[in-house]
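The values are calculated or read from the model by the stated rules, or taken from the named source; none is laboratory data. This one's a predicted model, so the numbers in the text were calculated from it and none came from an experiment. A quick note on method: Cβ atoms are made from the backbone with ideal geometry, for glycine too, and the neighbour counts reach across all protein chains shown. Just the protein is used for accessible areas: all its heavy atoms, side chains included, with ligands, DNA and RNA removed. Shrake-Rupley method; radii C 1.70, N 1.55, O 1.52, S 1.80 Å.
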Amino acid sequence: MTKNQSTRVVLISAAAIIASVLLANAQSLGDLARQEAARRKDVKAPVKVFTNDNIRVVPPAAPPVAQAEPGGPPAPPAAAASAEAAAEKPPEAPDPTKDPEFWRKRMRDALQARDRNAFLLEAVQSRINALTTDFYARDDPYQRAQIEVERNKTLAEFERMKKQQLELEKAIEDIEEEARRANVPPGWLR
């Protein structure tokens, strides 16, 4: 027998074995239907469906009240009173004048300001790099002094813009926190 013939014999016998195993283990569609009908008869009670009507509303958790340590000064009564007031106060309803478009515009403006400042930060950093390279490439002390003055101004502007970038990031966080406190759905900020 040649190599091709022996390969065919092996493949045909493997296919025959697999087919016989599959036919022996196969279930008919009727058998499956009978099993499913028997399973459904065993189920006695209907499944409970949860809706917004049958779920009770749980108020938000109150912040922890500062406890006085034994032997230490007592906790200020104002802290306990504010914690109790926060626990009793129901969550605020969203302000009707602050619709989804208000929140989207506010967040979009804050994000654009942050991104614009980040873009300008990169430009100023490129300017600093160019001035530094130019400074070391010059031999003339007068030109180097002029470049150094310009570089120092640019470095001061860069530091100011970095602080502004942090303020813009904080403003975005403040908007998100304000929206959370006003029970604004997160989708309104996107």
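Values computed for the structure shown
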| quantity | calculated |
| --- | --- |
| Total formal charge among the other residues, if their Cβ is under 14 angstrom from that of ARG144, Lys/Arg +1 and Asp/Glu -1 | -3 |
| Length gained when the stretch GLU169-ALA182 is fully extended (0.36 nm per residue, less Cα-Cα span) | 2.7 nm |
| For PHE102, solvent-accessible area (1.4 Å; no DNA, RNA or ligand), Å² | 80 |
| Separation of the ARG190 and ALA33 label points, Cα + 7 Å toward Cβ, nm | 4.4 |
| Added length on full extension, which subtracts the Cα-Cα distance from 0.36 nm per residue, PHE135 to ALA16 | 34.5 nm |
